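Remarks on the structure that follows.
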Amino acid sequence: MRLKRTRNTRNAEASVHASAVNADDEDWKVYVSEDVITQLNKYQLPHSGILQEKITDLANHWCFQYVIAWLSNVCESYVTTTFSADQYGATSTKCLWKNIKFDEDIFVTDVFSKIDGMDSNYYNDEVDVDIDSPNLYDKVRLQLLHQLAGNKSSQLKDWNVIVNHHFQNSSKFLDLVTDAPFLELDIARQFKTIYSIIKLIEMKNMMFKNYLVNNLHLFTFSEIILEDDDSGEEKLESLFALPNVGVLVKKTIHRVKEDPSSQISQTLNIPIKLQNCTIKEFDPKVPDSVELIHLEYSRDIDAYLQSITIDYEVITTGWESMLGYWSQNSNSKVIDEFITSLIPIYAEHRLYSAKILVNREKERAIAELMTRRKRSSRLVAKEEENKKKDLESEWFEKLDEREQFIRHRNKLVSKEIKKIKDLLWNQLWQSYDQDYRDEKLTRRNEFTGGSGSGTPSLEMSPGEKESSPFLNEIDNGVLDHGPNFLSKIIPVEPPIPGIAGLLQTADVPELPTDFCITKEELDELANYGIFTPQQEPDNQDSVFQCPGEPELAPMVITEEIDLFNNRPLICCDNCYRWQHWECQPPKIVELISLTTKAPQHALSQRDFGVIIMGNSHGNRRSSRRPQSTPEPSTKSSRPTDKRKPLGECATFICAWCIKDLELELRNIFVPELKVIRAKQRKQQEDRERRKKMKEEKKKLELLANQRKLTQSMSPPVFNNASPHISSASPPSITAYRATTSTINPELNLDAAHPIITHSHQTSNKTVPQPPQPPQPPIQLQSQLHQQQQQPQEQNFHFQYPPAN
């Protein structure tokens, strides 16, 4: 026999022979320090009565003891907090489940408080239990479920679904599949199920495998070999200690005798090194040739493993039973040394459990005292006031978030509607221009090829001028029977009017549940006297009305109606009506795709907030991972809570809303056309007026230039009355016998007495004349000639010198 110590063994300070030790005389205190004994006497040790009375049979099960030991190694416990691993190269242990503080005595207490009905949530796994639950049994089961499913959002209400799914995939655990609630099972069956879940986690959970590699020393228990059996049936017995206080387990390894008729030997002869599994052979006849022969050991390994069976038997179930076993086997030196090395560890573990239990009971007593004690009215009023302030702050914060959400949604919808209206307006004008060109060409051909009486007149009749003074006959013809202009851009049938108030935006706001106002909130505000402008709760119904099924009246969406289940649904962000995605006209998606930013691309179903009601897991492709578990469905059944947020999907406007926009644009098209025609006519009249004014201005400039030219060509006029005249004697009258009178064209023709210039000749002498200017144009001479021929009397007076 040999002693194998691999975990937490300590050398006792004093060595007392096992024959002198008696459990009844508490001789175990010799191996424990006085400080620990003093504190053990101070604290009341827990659960000795519970372990003896209630779980006597359960404590003898290997499954129960292994579950306790496994939880002690993965949670924050005495084992993980006090274990020193210097010899393994580590200084501390990082627990796998850091959020759970585990102790076996507290765990057993919470298990039986659940079973005995002391816990109000017993048989009620439908209640959401989080990791902060006060019941340790619930916290451990929830953490096991998260580890098994690989999903932290799993709840205890999904226990049977997830556990049965994994048990059905393993033939070893098929007998544990059941539809009965877990808490209604027998306590032994419950721990057998938990033991099977732990084994599945050890085999398939990668997170636990990494934890096991880093903390292998926690799962290597102290073990001794008891005796070797030399009989015909090979058997090896050993005794090892679990982290549970006072729990010793006997492990028996059986080896079945080898069957002589079997061709496969059960003797395991496997090379330790891999290089021994390959044999090299050289052929002397062929130089430089090597033949490699790989030996196959899989059959030998399988046969060897099948010939071995391991049995576990719980020898001691607690501290007192371990002391009794120590006393009974005092003659065995190996057992004596093994147990005496465990006594100090288990004593400190008992002290750790006692302290935790006392602190827990103290916290619970203080909490009960705080709820039961008589409180001051002043404190009550202050707490009520603080609660009212907190409630009012939360309420107004919710109203602000609600208003911000509505404002953001309206902004997105307004932008999308503006872009769609621009596209529709352009398409209307394109259709009108095409029809206008066709109509104009048709009328021109009729005017060219028709007879005089049948030629269409482009002049407006008096009745048309009174009705539409700015539109011509072609405009009226296009507006009345233009094929492209009159064809609808969005061809969709009008919806059936719904129940009164059902489709009103104020009644069906289609807000997420977090922003909806409920009756409970209004009642709570009313109890505290907090004023709110919202007097009625929001209607959280969702209305369905699809253009693909116009015969159906609007209806409220529920999961019981097959019309909605497993079919993609989309909600219009303008009218809040839910519709089938496959019933949308392709023109709608094309229009909305044109409103996207560059580079533009065709939108598809995944770009919008499309949802699928009902259970759609059957339509999805199965995952390649064999242990995948379906995620629990969303708690809310409202379709609004299942769609993508506003900023993560494109804004959708349904066919009916776009048709209303088209009708609105058509109603303002004719007035807009009249304004354009009036503006064009005014511009034409302005151009003609400016042209006429320009021509008149040119005429006036020409006359002014001609008048300036005439003035510059007229001769100078000599005034005899000038003071600078010569003092010579005037000529006689005879000097003017033969005179030729001419009128100065530049003189004032309208004067009553025009001044006449004279030229006369005397015998052979000529009176010198001033130089004559060039003659004026013929046109001016003709004008002057006409003025001379006017029948008016002109008196010629010869004044010399002229009178003043």
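Values in this text are rule-based calculations from the coordinates and carry no lab data. It should be emphasised that the depicted structure is a prediction, and the values quoted were computed from it without experimental measurement. A quick note on method: Cβ atoms are made from the backbone with ideal geometry, for glycine too, and the neighbour counts reach across all protein chains shown.
A full extension of the chain between residue 391 and residue 600 corresponds to an added length of 70.5 nm, given 0.36 nm per residue minus the alpha carbon distance. Put in line by how crowded their Cβ is, counting other Cβ atoms within 10 Å and starting with the fewest, 610, 670, 286 read 286, 670, 610. On the basis of the beta-carbon distance and an R0 of 45 Å, residue 178 and residue 425 show a calculated FRET efficiency of 0.10. Karplus-derived 3J(HN,Hα) values for the stretch 292-307, using 6.51 cos²θ - 1.76 cosθ + 1.60 with θ = phi - 60°, are 9, 10, 9, 7, 9, 10, 5, 5, 5, 5, 4, 5, 5, 5, 5, 8 Hz; glycine and proline are entered as x. Once the Cα-Cα distance is subtracted from the 0.36 nm per residue extended length, the residue 337 to residue 565 segment shows a gain of 75.1 nm. Once backbone amide H atoms are built at 1.01 Å from N, residue 489 has no partners under 5 Å, excluding neighbours fewer than 5 places away on the same chain.
Here r is the Cβ-Cβ distance between residue 305 and residue 60 and R0 is 22 Å; the resulting FRET efficiency, rounded to 0.05, is 0.20.
What is the distance, in nm, between label points placed 7 Å from the Cα along the Cα-to-Cβ direction at residue 189 and at residue 683? Inter-label distance under the simple model: 9.1 nm. Distance between the pseudo-spin-label points of residue 171 and residue 282 (7 Å out from Cα toward the beta carbon): 4.9 nm. The residue 667 and residue 513 beta-carbon pair, evaluated with R₀ = 41 Å, returns a calculated FRET efficiency of approximately 0.55.
So the label point goes 7 Å from the Cα of residue 30 along Cα→C-beta, right? Which residues of the stretch 336-365 then have their backbone N under 12 Å from it? The answer is 340.
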